Amino acid sequence: MQRQVLICRHAEAVEHFSLRPDFERELTKSGVLQAHQTGHWIRDNFSKVDVIVTSPSKRTSATALILADKLYYDDQHIMYVPELYNAGEPKLLEALSSLPEKAKTILIIGHNPGITQLARHLLNKHIAYLEPANVLAIKLELEKWEDIHVNQGTLLLHNMQHIL
């Protein structure tokens, strides 16, 4: 069964300052614009997403809400997974492996370096680090999401300036 994973890095966030926790970093004005543009790009290239999964940090949550709006996705159904905050590839794969079987196209929003490592793992090749609001779509042949750990996908589309 064909499934699609849209892997997205959160949009541009304010710089990290030592007096404010990293988790609380918000999107910049430019980041908000980036998220809107990415939402349009996803909507133009994919009819819908079945599930949106995101880290609950402010910057990923804000990105997810904007993308959900552009995709006509009910923001009440966004899956906020605390373990995805600054998660590495293993945690991201774990989250994907527990998705409902009926989900065919999913959007996962996270942080570097983990989100880029996930894309590299699923494509089995080196790609450039995802910049803020970059998204790439990977096609996978999976019967069950739990099989994602041992599967290699094919790059469908991306909005990255440089993929390598």
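So the values come out like this:
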read-out: Selection count where residues are open to solvent by 80 Å² or more (accessible area, probe 1.4 Å) and assigned to a helix (DSSP H, G or I), scope the stretch 16-57; value: 4
read-out: Residue among His121, His149, His158, His162 that alone is open to solvent by 90 Å² or more (accessible area, probe 1.4 Å) and in contact (Cβ under 8 Å) with a residue 12 or more places away in the chain; value: His162
read-out: Lys102 vs. criteria open to solvent by 50 Å² or more (accessible area, probe 1.4 Å) and either hydroxyl-bearing (Ser, Thr, Tyr) or in a loop (DSSP other than H, G, I, E, B) (or both); value: yes
read-out: Pairs where the first residue, in the stretch 86-99, is on the phi < 0 side of the Ramachandran plot and among the hydroxyl-bearing types (Ser, Thr, Tyr) and the second is surrounded by fewer than 21 Cβ atoms within 10 Å (Cβ to Cβ) and outside any helix (DSSP H, G or I), C-beta under 8 Å, 6+ apart; value: none
read-out: Any hit, the stretch 60-68, residues being outside any helix (DSSP H, G or I), open to solvent by less than 10 Å² (accessible area, probe 1.4 Å) and not acidic (Asp, Glu); value: no
read-out: Residue match in the stretch 78-85 (condition: open to solvent by 70 Å² or more (accessible area, probe 1.4 Å), at pLDDT below 95, in contact with a strand residue (DSSP E or B) (Cβ under 9 Å, 6 or more places away or on another chain) and hydroxyl-bearing (Ser, Thr, Tyr)); value: no
read-out: Filtered residue count, the stretch 109-118, keeping only those that are surrounded by 17 or more Cβ atoms within 10 Å (Cβ to Cβ) and either assigned to a loop (DSSP other than H, G, I, E, B) or modelled with pLDDT under 95 (or both); value: 1
read-out: Residue in the stretch 42-55 that is in contact with a His (Cβ under 7 Å, 6 or more places away or on another chain) and more than 20 Å from Asn112 (Cα to Cα) present; value: no
read-out: Condition check for Leu130: modelled with pLDDT of 95 or more, open to solvent by less than 50 Å² (accessible area, probe 1.4 Å), of a type outside the set (Val, Ile, Thr) and in a loop (DSSP other than H, G, I, E, B); value: yes
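The values are calculated or read from the model by the stated rules, or taken from the named source; none is laboratory data. Quick caveat, the model's predicted, so the values are computed rather than measured. No Cβ is skipped: glycine too gets one built from the backbone with ideal geometry, and neighbour counts run over all protein chains shown. Please note that ligands, DNA and RNA were not included when accessible areas were found on the heavy atoms of the full protein model with its side chains. Shrake-Rupley method; radii C 1.70, N 1.55, O 1.52, S 1.80 Å.
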